[in-house]
1. Around Glu71, what is the net charge, scoring Lys/Arg as +1 and Asp/Glu as -1 over all other residues with Cβ under 13 Å from its Cβ?
2. At 1.4 Å probe size, what's the solvent-accessible area of His231? Round to the nearest 10 Å².
3. With every protein chain present, what accessible area does Ile120 have (1.4 Å probe, heavy atoms only), rounded to the nearest 10 Å²?
4. In whole Å, what three semi-axes, largest first, describe the equivalent ellipsoid of the chain built from its Cα gyration tensor (square root of 5 times each eigenvalue)?
5. Using a basic spin-label model with each label point 7 Å from the Cα along Cα→Cβ, how many nm lie between Leu281 and Ser12?
6. What do you reckon, how do Thr170, Thr30, Thr191 stack up by accessible area (1.4 Å probe), largest on top?
7. Please give the FRET efficiency for Asp297 paired with Asp266, using the beta carbon to beta carbon distance and R0 = 30 Å, rounded to the nearest 0.05.
8. Tilt of helix 70-80 relative to the longest C-alpha principal axis of the chain, in degrees (0 to 90, nearest 10)?
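The values are calculated or read from the model by the stated rules, or taken from the named source; none is laboratory data. Just so it is clear, the structure is predicted and the values come from calculations on it, not from any experiment. Glycine also receives a Cβ, built like all others from the backbone with ideal geometry; neighbour counts cover every protein chain displayed. Remember, those area values only see protein heavy atoms, side chains included, never the ligands or the DNA or RNA. Shrake-Rupley method; radii C 1.70, N 1.55, O 1.52, S 1.80 Å.
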Amino acid sequence: MARVYANLEAESAPELIDRAYEHAYDQGWTDGLPIIPATAEKVEAFVAASGRKADEVIGIITPRKGPATIEAIAVNAVMAGCRPEYMPVVVAAVEGLTDPGFPLEPMQVSTNAMAPFLLINGPVRQQLDINSGIGCLGPGWRANATIGRAIRLILTNVGGALPGVYSKSTFSSPLRYSYLCGENEEENPWTPYHVDQGFQREESTVTVFRAANFCNLSGGEGIGPDEILRHIASNMPPASGGGGVLLLLGVNHTHSLHEAGLGKKDIQRRIWELARFPVSLYATAFADYQRRMGRGDADTIWRARDPDEIRVIVAGGPGPQDLYISAGLPQTRLIRNP
């Protein structure tokens with residue numbers, strides 16, 4: 001007879017899996033999708049893969065102020081469908097999310113649909129088969145899907161962000177299932193994001209962003225560097241919760257801009273200059289708020305306070321496509337090998 005929880009038994013593995021899912025769902029431990037039963041043996045294996053002690057507290061998850069111990073992280077990573085070797089990535093992401101400089105509690109309780117966005121850099125992308133190229137924000141990649149899902153389960157189960165309880169997001173978002181990709185460093189002619197932050201290229205990192213809406217920019221209309229950047233800038237609405245800008249440049253436009261002699265600083269500066277909109281388009285209170293935040297003047301609303309708030313990442317595959325994400329306040333953490 002198989003056992004997974006103290007009061008849950010079954011005569012066969014399929015029956016146990018079914019009962020474990022129903023039990024977890026009834027307890028409010030899931031995101032609504034099926035889970036992998038967190039047996040003691042699996043949790044122990046995940047703790048071991050982290051290289052840390054089970055009772056080590058990585059951070060406190062608001063609003064319930066639950067301690068994110070290695071064991072608690074492992075339980076949620078198991079349920080999410082992670083492999084044990086994903087644990088160092090999940091742990092590093094929790095470190096970033098619980099940094100005092102990251103606005104986790106407002107994200108957890110807001111009526112907005114904000115969600116953490118995780119950017120992975122370094123060799124760990126190949127080691128864990130984290131998708132950085134074509135389809136990197138879509139389905140089909142276990143590491144992308146389950147690492148992001150583990151973070152959501154931790155925010156719910158450790159932090160208490162149950163929908164309608166602490167989480168008051170009016171509509172919520174499918175991005176709250178998993179919102180993660182790697183940077184396509186192989187197609188990046190410039191330095192990758194983690195190197196820009198002072199890490200070595202051979203090191204692996206995870207960066208967590210406070211992220212809100214995203215917009216896919218179909219850029220076949222723009223020909224030449226200035227037209228490409230003008231098209232991108234004109235599709236960037238002012239901040240609605242994320243704060244800064246995360247621009248995922250697709251492969252085609254990355255190569256076009258690089259071949260035209262532009263570096264990332266040039267791209268940031270030009271988009272900052274172009275992404276400005278007449279103040280008359282916006283509600284007075286919204287325009288006033290943007291001015292107070294340093295993103296506007298008497299005539300225009302700006303997409304960012306300065307060019308450095310526009311972070312340029314190379315990701316995705318071929319095609320004249322780019323992706324704009326309203327995202328800011330990043331925290332980057334080194335992924336420690338056990």
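1. That works out to 0.
2. 50
3. Roll a 1.4 Å probe over it and Ile120 shows about 0 Å².
4. Each semi-axis is √(5λ); the values are 37, 23, 17 Å.
5. Simple spin-label model gives 6.0 nm for this pair.
6. Reading off the accessible areas and sorting them downward yields Thr170, Thr191, Thr30.
7. With R0 = 30 Å, the Cβ-Cβ based efficiency is 0.80.
8. Taking Cα atoms only, the helix is inclined about 80 degrees.
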